[in-house]
Each structure stands twice: as C-alpha cells, then as structure tokens.
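Chemist: Please read through the structure below; I'll follow up with questions.
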Amino acid sequence: MRVIFVLTGLRDGGAEREAAAFANALTKLGEEVHMVCIGDTASDYTLAPGVSCHQLTCSSRVNIPKLRVLLRWFSPVRQIRNLHGDVILPVCIRLDFYPRLFLAAALSKAKLFFAVRNNLPQKYVRPKDRRRWRRACRFARGIWIQTEEQRGYFPKYMQKKIFAVPNILGETFFEIPRDRKRNISRFISVGRIHPQKNQKLLITAFAQMLLRTENTDATLTIYGNAAEKDEDILRELQALIRQYHLEGRIFLPGRVADIQKAYREADAFVFSSDYEGYPNALMEAMAAGLPCISTDCPTGPSALITDKKDGLLVPVGDALAMSRAMQRLLENPEAANQMGLAARTKMSERENAGELAGRLLENLKRI
C-alpha cells in the first residue's frame, strides 16, 4: 500500500512526531510511505531510509492574474495526485486545505482519511472551523481517532468508518533509570506554551502549594516553546511568576533537545491541559516512571491514568485540586514512587510501534 501523509511540516510538534513514527513503522512493514509537507521538509525527527519527503510548491509562470491564482491553487493538487497514493492521511493541517486534498484524492482514486490528532470540543472551536471540520469528516473515507472517548464527538452515521489507534511511544523512555525518591521536590511539565496547555493554572497551583507547605526545596520547570502568535502567553506566564515572587522556583527554559534528561532529573510530572488528543508528554513521563498528575481533560489522560493507582487526575481548571495533588506527592514520596512504578509497568504493556502500525494498516485496508 502507498500511504501519503500530508503535514504542515516536520518540526517541533507531537502530531508531527507521531506521523514520523507511524511512517517509519509502516515502512518496516514493507509499505511505501511519502511525507508531503506544505512547509519545508526540514525535520526534527529521524525518518527511516524508505520514507520519501516532498515539499509542496504553489507556483505558476502564467502572467494572467486570475489564471495564475487558479494554477497556484491547483499546483499542490497536481503534486499529490502524481504520487498515485492508495491512502491520503492529513495530519494537523489547516481545514481550508482540505478541498485540495479531496480533489487530489478524486483525481488519483486515493482514499482520503481524516486524522483526529487533537480533541475538538465545541467550546474551543470557532463556528466556521467547526463547520469545516464536520464537512471534512463527513466526506472522508475513514476517520482515525486516538481514543474510544473521541467517538462521542461524531454522529451515529459516521461510526462505521471510525477506528481508534493510539500514539506510538518511543522505547527510549523506558531506558531512563528511575531510582526510588526519598524526596519529591522537582516538578516538571512538558508542552508548547499555548492557551490549550493552561500553564497559568499550573503556576497558580504550584504557588498555592508552597503557601500551604512552606516547602523550601520544591521547583517547577515548564519545558516548551511559544509560537510567535503565542508570545503574549509566554509574557503573561513570566509576569505571573514575578507576581508570586517565584523567579527562583519556577523556570521556563523553552524547548530542550534532550527531553530524556529532563525526565531523568525530575521527581514528578504535572500536566494542566484544558483539552487534549492523546498526550505524548504524559505517556513519556509515565514510561519514564514518574508519578504524574494530570487534569482529567477530554480526551486522553483518563485513557492513560487510573486515578490514585498509577497517577492522579484532577478536574480541569481547578488550581486548588491540582495544588493539593502536588502536595500529596510532596508529602508522600513512597506513595509517589509506587505510582511511578505502576505507570511505567502500564506503559510497558502497551502495543509497540510495529503492532500499532499494523492496526493502522489493517484499518486502512479494511476501509
């Protein structure tokens, strides 16, 4: 089978990393895989030798303005069509790009799928985008979701073309040594600086915890970059840290190349999102054996964490509940160690990359 992934690019991003992981795994299964990027093809992720990368171009030498606009719009359609794929899998691309994908699929007889890589509750989506999202799902041949919980966002008549395959977890996170911690003091969080991740809640919860415990050792490090459009959010986080006078306790180092080192040096992991798809960072932290706290947001965390057994779930937007969960780990290191061990065990029992890619391939062929 010839599978075409269509992405904005292959730079910093969980959805992009998962596309690369599935592309590599499908290639190992003997399938032909193409990665088509709307932006440049520079990649932060290692691609298998058999994976082909292509950059879409929107160019035309025609001097007639209206015709030139039309030809530039059609150029990506022609490029995707010429790959003669069996399946087209878009991953986190703009919804207004889908008409070109539908046309490319129709002209090449490929089957166009819709991949849900983030949860889209109605309150987080503009009405215009919601209509586009529903239209794309309605006309797609199949819909790839990450958790069974996401089925609830689709009407009954779409259920037959929906299938669930969760994210691939890198094996390197299981190799991170995890000693029993006598003290829990170094909290970390990993995720891009974005309103969805709600790092304001995390900073507020940490400050509230310090007021109750008067702990002099606890620190919080939030790893992740802010896109240009989200730099205001980063400045707000910095201002909030100054407001609480926690410049020496809360750190925003940005994105780091060696995230495994961050997990290795941490004592606990905290996740504060308002909504998710299937959070890679939470999976990684659990695989690394860290005791984890997460908002019980739609969707993802409840599919990974069994509350009070291999992690702690708190209500979305509840800073007090999160601060109490952090205090619980701080004051009960032995219980925290047991949660981390249970989390690593659970993650080790998940299907590996080859098995998950096989499930994806089976569903693509079935549909």
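The values are calculated or read from the model by the stated rules, or taken from the named source; none is laboratory data. Just so you know, these numbers come straight off a predicted model, no measurement behind them. Quick reminder, even Gly has a Cβ in these numbers, built from the backbone with ideal geometry, and neighbours come from all protein chains shown.
Chemist: Has the stretch 206-222 got any residue that is buried (at least 17 other Cβ atoms within 10 Å of the Cβ), under 28 Å from VAL91 (Cβ atoms) and in contact with a helix residue (DSSP H, G or I) (Cβ under 6 Å, 6 or more places away or on another chain)?
Modeler: Yes, there is a match, as at least one residue in the stretch 206-222 is buried (at least 17 other Cβ atoms within 10 Å of the Cβ), under 28 Å from VAL91 (Cβ atoms) and in contact with a helix residue (DSSP H, G or I) (Cβ under 6 Å, 6 or more places away or on another chain).
Chemist: Let me ask something else about it. Has the stretch 69-87 got any residue that is basic (Lys, Arg), in the same structural domain as LEU112 (by TED's automatic domain parsing), farther than 30 Å from ARG255 by Cα and modelled with pLDDT under 80? Walk me through it before giving the result.
Modeler: To start, the set of residues in the stretch 69-87 that are basic (Lys, Arg) comprises 72, 78, 81.
So of that shortlist, the ones also in the same structural domain as LEU112 (by TED's automatic domain parsing) come out as 72, 78, 81.
Within this subset, residues satisfying the condition of being farther than 30 Å from ARG255 by Cα are 72, 78, 81.
Adding the requirement that they be modelled with pLDDT under 80 leaves none.
Within the stretch 69-87, none of the residues are basic (Lys, Arg), in the same structural domain as LEU112 (by TED's automatic domain parsing), farther than 30 Å from ARG255 by Cα and modelled with pLDDT under 80.
Chemist: Also, quick follow-up: Hey, can you tell me all the residues within the stretch 317-333 that are under 21 Å from SER273 (Cβ atoms) and surrounded by 15 or more Cβ atoms within 10 Å (Cβ to Cβ)? Even if it seems obvious, please write down each step before you answer.
Modeler: Here is the first cut: in the stretch 317-333, the ones under 21 Å from SER273 (Cβ atoms) are 317-329.
ASP318, ALA319, ALA321, MET322, SER323, ARG324, ALA325, MET326, GLN327, ARG328, LEU329 - these are the residues of the stretch 317-333 that are under 21 Å from SER273 (Cβ atoms) and surrounded by 15 or more Cβ atoms within 10 Å (Cβ to Cβ).
Chemist: Please state which of the following conditions ALA262 fails to meet, knowing it meets all the rest: (1) in contact (Cβ under 8 Å) with a residue 12 or more places away in the chain; (2) part of a loop (DSSP other than H, G, I, E, B).
Modeler: ALA262 satisfies all of (1) in contact (Cβ under 8 Å) with a residue 12 or more places away in the chain; (2) part of a loop (DSSP other than H, G, I, E, B) except (2).
Chemist: Let me ask something additional. Just to be sure I understand, how many residues within the stretch 278-294 are touching a Leu at 6+ places or on another chain (Cβ under 9 Å) and in a loop (DSSP other than H, G, I, E, B)?
Modeler: In the first step, residues of the stretch 278-294 are kept if they are touching a Leu at 6+ places or on another chain (Cβ under 9 Å); the result is 278-280, 282-284, 286-287, 289, 291-294.
Going one step further and asking which of them are in a loop (DSSP other than H, G, I, E, B), we end up with 278-279, 289, 291.
Count: 4.
Chemist: Looking at the stretch 225-250, I want the residues that are outside the structural domain of ALA207 (by TED's automatic domain parsing) and within 12 Å of LYS200 (Cα to Cα) and have a partner that is of a type in the set (Ser, Thr, Tyr) and in a loop (DSSP other than H, G, I, E, B) with Cβ atoms under 7 Å, at least 6 apart or on another chain. Which pairs are those?
Modeler: none
Chemist: Still on this structure: Of all residues in the stretch 164-176, which are in contact (Cβ under 8 Å) with a residue 60 or more places away in the chain, buried (at least 17 other Cβ atoms within 10 Å of the Cβ) and touching a Lys or Arg at 6+ places or on another chain (Cβ under 8 Å)?
Modeler: Result: VAL165, PRO166, LEU169, ILE176.
Chemist: To continue, here is another question. Search the stretch 177-205 for residues being within 30 Å of VAL116 (Cα to Cα) and either acidic (Asp, Glu) or surrounded by fewer than 19 Cβ atoms within 10 Å (Cβ to Cβ) (or both), and hand back the single one that is farthest from the chain's Cα centre (by Cα).
Modeler: LYS200
Chemist: If you check ALA357, ALA303, which single one turns out to be surrounded by 15 or more Cβ atoms within 10 Å (Cβ to Cβ), outside the structural domain of PHE206 (by TED's automatic domain parsing) and touching a helix residue (DSSP H, G or I) at 6+ places or on another chain (Cβ under 7 Å)?
Modeler: Numbers: ALA303 fails: outside the structural domain of PHE206 (by TED's automatic domain parsing).
Exactly one of ALA357, ALA303 is surrounded by 15 or more Cβ atoms within 10 Å (Cβ to Cβ), outside the structural domain of PHE206 (by TED's automatic domain parsing) and touching a helix residue (DSSP H, G or I) at 6+ places or on another chain (Cβ under 7 Å), namely ALA357.
Chemist: Of all residues in the stretch 88-126 being assigned to a helix (DSSP H, G or I) and within 18 Å of TYR275 (Cα to Cα), which is modelled with the lowest pLDDT? Show your work before the answer.
Modeler: Of the stretch 88-126, the ones assigned to a helix (DSSP H, G or I) are 95-108, 122-124.
Next cut, within 18 Å of TYR275 (Cα to Cα) only: 122-124.
On the way: GLN122: 54, LYS123: 57, TYR124: 58.
The residue in question is GLN122.
Chemist: Follow-up question, since we're still on this one. Restricting attention to the stretch 336-347, does a residue exist that is without any contact (Cβ under 8 Å) to a residue 24 or more places away in the chain and within 20 Å of the chain's Cα centre (by Cα)?
Modeler: no
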